Amino acid sequence: MSRLYPAPENIIALSTVCVGVGPGGTTSMIARIVVVDFQGTPLLDKFVRPTMEVVDYREATTGIKSWQLFSKEAVAFNVLQQYIANLMRGKIVVGHGIWNDLSVLGIPHPAVATRDVALYQPFRNALRSPHQIIGLQTLCWQLMRRRCQEGLIDPSENARAAMDLYRSHSKDWEATIIKGNWPSSLPPSTFSRCYS
C-alpha cells in the first residue's frame, strides 16, 4: 500500500447502543460501546453507567438490562468519553451513521477522518438508492451476502460489519480521497456539531 493510504493501525470502527431518557424515554443516552481495530478485533467493549434516570431500556431491541449499567464493570460516562476521545485522536473512524455515535458520545471528530458506510456514494449507487441512507443490515446482505442485525442490536457485530464493508472497498475509497474527491454524501445537517 502507498504511504498515502492510512495505515491499518490508524483505522478503528465503533458502534454504540442507547437507552432512552427524558420525557417518554425518547432521548438517546449511550449504554454500551464497542470499538474494533482494522481486523475487527475488539479494542473496547463497555457498558456505560447512566448520567440520568433511564426511562426506557429499549430491551426488546437492545437486550440491555438495568444491572448491566450498574455493574462493577460498567464505566462512568466522563471516563469513557475521555478514553474514546484519546483513542480517536489522529485516527480514521469507520461506522454506520457515525453522527449518532458521536452525538451520544459528545465527541466531535474531523469529517475528513470519518468513513461512514451509510454515506459512501458507491454503496448507495450499487443499491440504486443514491439519496437514501441504507441500513447496515441491507448493505451487508446486498454487498457481502452476510446476515447481521437479525436479533438484538449488537454493537460488536455492527462495528465489525461496518469495518468489513469499508475494508472491502478501502483501496477505491482512499484512492478517490487521495485524488482530492470526497466519495460520500454529507451527514444530516442537524448533526454538523458532531464534526470538527
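Each reported figure results from applying straightforward, stated rules to the coordinates on display, with no laboratory input. Since the structure is predicted, the reported quantities are computational estimates derived from the model, not experimental observations. In this analysis, Cβ positions are derived from the backbone assuming ideal geometry, glycine residues included, and neighbour counts consider all displayed protein chains.
For the reader, a short list of remarks on this structure follows.
- Signed unit charges on C-beta, dipole axis of the chain, positive-most listed residue GLY20, SER156, TRP99: TRP99
- Correct option for P(r) over Cα pairs in 10 Å bins from 0, in percent [calculated from the coordinates] among (i) 10, 41, 37, 11, 1; (ii) 9, 36, 37, 15, 3, 0; (iii) 9, 33, 31, 17, 7, 3, 1: (ii)
- Our summary gives region 1-85 a relative contact order of 25 percent, counting only alpha carbon pairs under 8 angstrom and 6 or more residues apart.
- The alpha carbon centroids of region 117-196 and region 1-73 are separated by 18 Å.
- Choice from ASP164, ASP37, ASP56 showing the highest fluctuation, given a GNM over the chain with Cα pairs closer than 10 Å: ASP56
- Contact order relative to length of region 88-138, as percent, for alpha carbon pairs under 8 angstrom and 6 or more apart: 35 percent
- Once the C-beta distance of SER168 and GLN121 is scaled by a Förster radius of 22 Å, the resulting FRET efficiency is 0.90 to the nearest 0.05.
- Distance between the modelled labels on LYS72 and THR41, one decimal in nanometres: 2.8 nm (7 Å Cα→Cβ projection).
- Of the residues ALA175, ALA159, ALA13, the one that moves most in a GNM of the chain with alpha-carbon contacts below 10 Å is ALA175.
- Selected from PRO122, PRO110, PRO23 as most flexible by GNM, with the chain as the system and alpha-carbon contacts under 10 Å: PRO23
- Label zone at GLN132, where the point sits 7 Å out along the Cα-to-Cβ direction: region 165-196 residues whose backbone N lies under 20 Å: 184-189
- Estimated purely from DSSP H runs of n ≥ 4, each contributing -39500 (n - 2.57), the mean residue ellipticity at 222 nm for the chain is -10000 deg cm²/dmol once divided by its residues.
- Structural descriptor for the chain: relative contact order 25 percent, calculated from alpha carbon pairs under 8 angstrom and at least 6 residues apart.
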